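These notes concern the structure reproduced below.
Read-outs: derived from the displayed coordinates by stated rules, not from any lab. All values reported here derive from a predicted model rather than from experimental measurement. With ideal geometry, Cβ positions are generated from the backbone for all residues, glycine too; neighbour counts draw on all protein chains shown.
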Amino acid sequence: MCHPAWAHALVAAQRLVDFARLRRVRDRIDREYARPLNVEALALDAAMPAVHLSRQFQIAYGESPYAYLTARRVERATALLRRGDLSVTEVCSSVGCSSPDTFSARFTELVGMSPTTYQRRAADRRGPGLTDER
């Protein structure tokens, strides 16, 4: 049987290992948001069960890995829509979403308006014939 201090140290060490793995998962999502990603693949790469990854990610970052991925995709989509040179369908595809309907629903949830409305308002702010090259 372990001494209580050793048990506490082992738990603390495991938490550090888990947190390092979670950071790697978050960094991978940030880098590869446009690629097909799912919790199972992220968990496999992090050498953690998917349920454990989801639970620990939620605790560490306040949202699920899927919600974090969706937020990154929508964040990038807003920049692409502001540029004005891609259609909503092209933006959807370029940020890694395979379903325009799902993309539009998630975008609307997070931004408060549809991607089409967002793009139109961005164009109105730019003026006619201009694109935002950022």
Task: Computed E for Ala122/Thr102 - FRET, C-beta separation, R0 22 angstrom, nearest 0.05 - done: 0.50
Open item on the list: Viscosity 1.567 mPa s, temperature 4 °C: give me the Stokes-Einstein translational D for region 4-126 in µm²/s, with Rh taken as the Kirkwood radius over C-alpha pairs.
Closed with: 81
Task: Net lengthening on full extension, Met113/Ser64 (0.36 nm per residue, minus Cα-Cα) - done: 15.4 nm
Open item on the list: Suppose R0 equals 22 Å. What FRET efficiency, 1/(1 + (r/R0)^6) with r the Cβ-Cβ distance, do Ala47 and Arg76 give to the nearest 0.05?
Closed with: 0.20
